[in-house]
Amino acid sequence: MTRIVELTINEPDTTGYAAFEDGQLVRAVFVNLHAWVANSTGTRPVVHIGLDFVNGTTTAVTATGQRLVIKYADDTQNLTWAGQSYKETADVRPTGQLQLETIELSEGLDLRATEAIVLTF
């Protein structure tokens, strides 16, 4: 049985959830809902997420990350998921090289505005 738990993130535009199977942490997802749009100015905001919630829930020291990236929240193209694009193709297959990230749990992770990441433990 899978149990989903909302995580407390001390950032108003960021949310996170953890998935447990048989009491073991197996996945977590984080979404930075700060809308970085085409007319945004300055430096794109980044939130640092500490992963200290994993203590005692897994023996892993790293996680594999798959990141959802788009330049601006109001773009209608050029979204990638783990480095792959889902442009219209005849066979509806992703294009591009799959890019999995290794996340050191003790270091946490950075999540830019209008990005999401799924961690697998």
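The values are calculated or read from the model by the stated rules, or taken from the named source; none is laboratory data. Here the structure is a predicted model, which is why all the values come from computation and not from measurement. Cβ placement follows ideal geometry from the backbone for every residue including glycine, while neighbour counts extend to all protein chains displayed. Heads up: the accessible areas ignore ligands, DNA and RNA and are worked out on the full protein's heavy atoms, side chains in. Shrake-Rupley method; radii C 1.70, N 1.55, O 1.52, S 1.80 Å.
Summary of computed values
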{"read-out": "Residue within the stretch 104-116 that is among the hydrophobic types (A, V, I, L, M, F, W, C) and out of contact with any strand residue (DSSP E or B) (no Cβ under 8 Å at 6 or more places or on another chain) present", "value": "no"}
{"read-out": "Condition check for ALA19: open to solvent by 30 Å² or more (accessible area, probe 1.4 Å) and either touching a Leu at 6+ places or on another chain (Cβ under 7 Å) or closer than 20 Å to THR102 by Cβ (or both)", "value": "no"}
{"read-out": "Test for VAL54: is it of a type in the set (A, V, I, L, M) and more than 26 Å from PRO12 (Cβ to Cβ)", "value": "no"}
{"read-out": "Close pairs (6 angstrom Cβ cut-off, 6 or more residues apart or separate chains): within 10 Å of VAL31 (Cβ to Cβ) in the stretch 1-20, open to solvent by less than 70 Å² (accessible area, probe 1.4 Å) and outside any strand (DSSP E or B) anywhere", "value": "ASP13/HIS34; GLY16/ILE9"}
{"read-out": "Which listed residue, of LEU79, LEU51, LEU68, is aliphatic (A, V, I, L, M), open to solvent by 40 Å² or more (accessible area, probe 1.4 Å) and touching a residue at least 40 places away in the same chain (Cβ under 8 Å)", "value": "LEU68"}
{"read-out": "All positions within the stretch 27-42 that are closer than 18 Å to ASP13 by Cα and either crowded, with 18+ Cβ neighbours inside 10 Å or under 19 Å from the mean Cα position of the chain (by Cα) (or both)", "value": "ALA28, VAL29, PHE30, VAL31, ASN32, LEU33, HIS34, ALA35, TRP36, VAL37"}
{"read-out": "Within the stretch 92-121, tally of residues that are within 27 Å of ASP74 (Cβ to Cβ), at pLDDT 95 or above, out of contact with any Gly (no Cβ under 6 Å at 6 or more places or on another chain) and in a strand (DSSP E or B)", "value": "7"}
{"read-out": "When residues of the stretch 82-102 are limited to those that are open to solvent by 100 Å² or more (accessible area, probe 1.4 Å) and touching a Ser or Thr at 6+ places or on another chain (Cβ under 7 Å), the one farthest from ARG27 (Cα to Cα)", "value": "LYS87"}
{"read-out": "Yes/no for GLU115 being open to solvent by 60 Å² or more (accessible area, probe 1.4 Å) and of a type in the set (Asp, Glu)", "value": "no"}
